[in-house]
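Everything below concerns the one structure shown next.
Nothing in this text is a laboratory measurement; each read-out follows from the coordinates by a stated rule. Keep in mind that what you see is a predicted model, and the values were worked out from it rather than measured. Cβ: placed from backbone, ideal geometry, glycine included. Neighbour counts: every protein chain shown.
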Amino acid sequence: MQKELYFTPGSLRSKSQALLADVERLRCGHDKIRFRSGNAALLVLDMQEYFLQPDSHAFVPPAPAIVEGISRLRTAFLAASRPVVFTRHVNTAEDAGMMSIWWRELISPHTARSHIVGTLETSNCILITARKALRVWLGP
């Protein structure tokens with residue numbers, strides 16, 4: 001199966017604007033939802049070498065195109081004294097559950113590919129290492 005290269009450095013701006021326009025259309029009737037920068041945190045997911053290395057079976061082709069933007073956001077959030085949180089998913093054979101079936105290999109905590117991609121600085125940030133799938137409920 002060929003993975004789609006949705007974002008590229010050249011298409012990132014136009015694709016992002018199209019996605020924002022879609023979100024704006026979906027917001028109709030939810031005008032009371034406002035972004036409050038003083039309460040914001042930056043949550044960075046799946047920026048591990050496992051997903052960003054072209055020779056990994058879990059490589060996400062558009063992911064490298066967003067790394068620079070994430071780096072700029074990180075800098076801006078920290079400059080505004082807002083928290084930046086990176087997640088790092090790792091597994092062992094004992095806690096992998098379905099991950100051992102979905103992925104050909106586990107993201108072992110001791111492998112280089114389990115770490116956040118080196119071009120994203122994680123100092124002064126919160127790093128959450130998760131051993132099981134994170135279950136997140138996004139309310140209405």
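Below is a table of values for the structure above.
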read-out	value
Test item: Cα-centred dipole of the stretch 36-130, Lys/Arg +1 and Asp/Glu -1 on Cβ, debye	420
Kirkwood estimate for the stretch 36-130, i.e. one over the average of 1/r between Cα atoms, Å	14.2
Computed E for Leu78/Arg25 - FRET, C-beta separation, R0 35 angstrom, nearest 0.05	0.60
